[in-house]
Amino acid sequence: MLPYTPIRECVKRNVPMPLSPCHLSSETSPCHLKSDSPWQALQCDLNRAVEGALEVVGSQLNAHGVRVDLLREDSLPPALGDSVRLEEVVINLAVNAMQALDRTGKEDKRIVLATRAENKKVVLEVRDNATGVTDTYRDRIFDPFFTTKGAEGGMGLGLPIVEAIVAAFKGNIVVLNNEMGGATFKVELPADGINN
């Protein structure tokens, strides 16, 4: 059984998650998180964050016909961050990939969640086999309220919030096109216990 987290508890009980002051301001201005985050960076297990996120959204991904492949490095050093916030990052990126896949009409929908240590960082990659990201979209993809979803939904806040959470823990996120024809969101976080 996976450890308790507030996200899972709120989902089980179907109640809204308690919002921190940062969350409240992020609803109108996700950029606020970049410069004024009250969160403390602690040792986190990125693999557990991935497991926790899948416990929350796994059935939704399955209902949309998405196959999820896990490529986890078992001996990851701890990341510096917050477990609940890292689960939010994984959830947002997985749901974003699922929505991109839904728009393709493909029958073979795949998301790969990969973790590894690289260059004194802990890395999470969320890859899909949708259609990738054009250069025009790549320049704006983390802008608040920018969305490619049109009338079908989405306020354009998920990816800016992801970027803000990652930046709050002195990490970095980039989006690339991948060999499957889709997009890869690569998150790098400082690894605890590894000298810079």
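Okay, here's what the table says:
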| read-out | value |
| --- | --- |
| Conditions (1) touching a Ser or Thr at 6+ places or on another chain (Cβ under 6 Å); (2) within 15 Å of residue 57 (Cβ to Cβ); number of the one not met by residue 102 | (1) |
| Matching residues, the range 95-122, being in a helix (DSSP H, G or I) and more than 19 Å from the chain's Cα centre (by Cα) | 103, 104 |
| Positions within the range 71-83 being within 15 Å of residue 54 (Cβ to Cβ) and either of a type in the set (A, V, I, L, M, F, W, C) or buried (at least 18 other Cβ atoms within 10 Å of the Cβ) (or both), in sequence order | 71, 83 |
| Qualifying residues in the range 172-196 (those that are surrounded by 13 or more Cβ atoms within 10 Å (Cβ to Cβ) and acidic (Asp, Glu)) - the one modelled with the highest pLDDT | 188 |
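The values are calculated or read from the model by the stated rules, or taken from the named source; none is laboratory data. Computed from a prediction, not measured in an experiment: that's the story for all the values here. Don't worry about glycine lacking a Cβ; one is built from the backbone with ideal geometry, like all the others, and counts go over all protein chains shown.
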